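Presented below is the structure to which this report refers.
The values are calculated or read from the model by the stated rules, or taken from the named source; none is laboratory data. All of these numbers come straight from a predicted model, not from anything done at the bench. Every residue, glycine as well, gets a Cβ built from its backbone with ideal geometry; the counts of neighbours run over all protein chains shown. We work out accessible area using only protein heavy atoms, side chains counted, and drop any ligands, DNA or RNA first. Shrake-Rupley method; radii C 1.70, N 1.55, O 1.52, S 1.80 Å.
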Amino acid sequence: MAWPVYAQSQDIPEYCLENEVTHRYLTEVQYKDGDYTYTKITDYYQIPTDYRKDQPAPVRLNWTLDGTYERLEVRYADSRTADLTNTVGIDASAESFDLYNLIPGRTYSYEIVGMNGDVQTTVKSGQFRTTGTVRMLKVDGVCNVRDLGGWTGFQGKPVPYGRIFRGGRLRNNSSNTVAVTESGKQVLLDEGIRLEIDLRTDSEANSNNESPLGSGVKYIRYNDAWACRIVTYRDNSTAVSCMQNIINYLKNGKSSYFHCSVGADRTGTVAFLALALLGVNEDQLSKDFELSSFYDNPEEVMLRMRTSDRYNYAGMMSDLLSRSGDNLQRKVYNYFKNGIGGTRISESDLDWYISYMMDGYKIVKSVSLDVSSAITLNPGEVRKVNLTITPS
């Protein structure tokens, strides 16, 4: 459960939405750029907990019933909205409820409402604030579901929440039976997800060709997506094509969910490239990749590390850093621009993605001064020169 810390000024409780182990890992670990000889995830992933470490901490609301009611509802919303638009019906005798999948950095208002027929009684109302960086989601039946928002990108701006999501499979491997529950489906649909990108092979997905989220969600699967693993991403166009589809849906105001089997290495590769393109630094990129280790998978030790030979994280970094560009962001930009085997993303689409995600941020590609002749200035003299920045 999220732990409250009361703000002294207004006595509004604050809840960290990162579970305690995740919060410790994010705040205690600082990775050095270019040094892939060590990892710290091994200090955290086996810490025993009574909760799933790949899921968020809830905000627990408590109240005392002052009467008997036929029904109880929890109504809540971001305080920037006028109405409490989210409504959850709960047991009529309950005196607590856990809210999941909130957004960090927001202030929420809530009411607990008891109902007898048409008579409504406010049992309790109030506000709380949410804190944290990484937004894990609780999606029943699915593992490793995370919003790509929260990490720090260009100019110290946070990557926005609610636009791109990554995680594990929505259908079980081989059998093709639906893994995500009805309530889990609703969580994803409520996030505006209208594109499911499946990075599993034919054998894993049993040649599936539709999304369990319904006909309103476009389903795209890449049978050759093993090549989207970090170790071979440079030899296959899957990551490039995947990123193009994400951009296409963002342009239509729709969110995307991409996944492989458990949302770790193939999914981690696409997430790495999508975040690096927004200027997220190596320290945070490493942490995002390693966070998938927190899923306790009974079938396989889910340890994803920046030092792993199996996933060759260091090999990918070495390849990216050898590309043209004066920083990691520009190198990833050129990776998508140049593409693989004729599959590439246009500069206009790449620039749009960065601008849209980073609230109008534009990449400065060139700076030029128009000086027609040598200028000699006397003390106190001012001359005007024309400076051109592209894009403007």
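In percent, rounded to a whole number, the relative contact order of the chain is 13, using alpha-carbon pairs under 8 Å and six or more apart.
Return the carbon/sulfur percentage of the accessible area of the chain, one whole number, probe 1.4 Å, all protein chains in place.
44
Along the chain, the exposed loop sites are GluC sites (Glu not before Pro) outside DSSP states H, G, I, E and B with at most 15 other Cβ atoms within 10 Å, and the longest stretch free of them is 96-209. Remark: spin-label model distance S355-T307 equals 4.4 nm, labels positioned 7 Å along the Cα→Cβ axis. Compute a Gaussian network model of the chain, connecting alpha carbons closer than 10 Å, and tell me which residue from Q284, Q120, Q186 fluctuates the most. Result for the chain, Cα springs under 10 Å: Q120 fluctuates most. Structure remark: mean-square fluctuation, Gaussian network model of the chain, C-alpha springs under 10 Å; the largest value among G380, G89, G342 belongs to G380. Where in the range 194-213 does the amide nitrogen come within less than 12 Å of the point 7 Å from the Cα of Y219, taken along Cα to Cβ? Hits in the range 194-213 for Y219 at 12 Å: 196-198, 205-213.
Going by the alpha-carbon gyration tensor, a ≥ b ≥ c the square roots of its eigenvalues, is the range 1-104 rounded (a/c under 1.5) or, if a/c is not under 1.5, prolate (a/b greater than b/c) versus oblate? It is prolate, given that a/c is not under 1.5 and a/b is the larger ratio.
Relative to the longest principal axis of the Cα atoms of the chain, the long axis of helix 265-276 lies at roughly 60 degrees.
If a/c stays under 1.5 just call it rounded; otherwise compare a/b with b/c (prolate if a/b is bigger, oblate if not). Do that for the range 131-213, with a ≥ b ≥ c from the square roots of the Cα gyration tensor eigenvalues. Note, shape of the range 131-213 comes out prolate. The length gained by stretching the chain between D43 and A94 to full extension, at 0.36 nm per residue less their Cα-Cα distance, is 14.6 nm. With the convex hull drawn around the C-alpha atoms of the range 64-196, the volume per residue stands at 145 Å³.
In the structure displayed, which of K157/K218; K251/K337; K32/K138; K138/K218; K40/K185; K32/K337 lie more than 24 Å apart, Cα to Cα?
K157/K218; K32/K138; K40/K185; K32/K337
Pick out which of K218, K32, K254 has the largest mean-square fluctuation in a Gaussian network model of the chain, springs linking Cα atoms closer than 10 Å. Result for the chain, Cα springs under 10 Å: K32 fluctuates most.
Let me check I've understood the local charge: for I197, count other residues with C-beta under 10 angstrom from its C-beta, Lys and Arg +1, Asp and Glu -1. What total comes out? Combined, the nearby Lys, Arg, Asp and Glu give +1. With a Förster radius of 41 Å applied to the beta-carbon distance between R60 and Q30, the computed FRET efficiency rounds to 0.85.
Net charge of the neighbourhood of A276, taken over other residues with C-beta under 9 Å away and scored Lys/Arg +1, Asp/Glu -1, is 0.
Taking the structure as given and computing percent of Cα pairs over 33 Å apart, which label from (i) 46; (ii) 34; (iii) 38 fits? Given (i) 46; (ii) 34; (iii) 38, the structure-derived one carries the label (iii). Of all aspartates and glutamates in the structure, those lying under 18 Å Cα to Cα from K287, and not within fewer than 8 positions of it along the same chain, are E18, E20, E28, D33, D35, D43, D54, D147, D265, D296, D309. Full extension of the chain segment joining S174 with T85 gains 28.1 nm, where the gain is 0.36 nm per residue of separation less the Cα-Cα distance. Ordering P58, S286, L321 by the projection of their Cα atoms onto the charge dipole of the chain, which places +1 on the Cβ of Lys and Arg and -1 on the Cβ of Asp and Glu, puts L321 at the extreme positive end.
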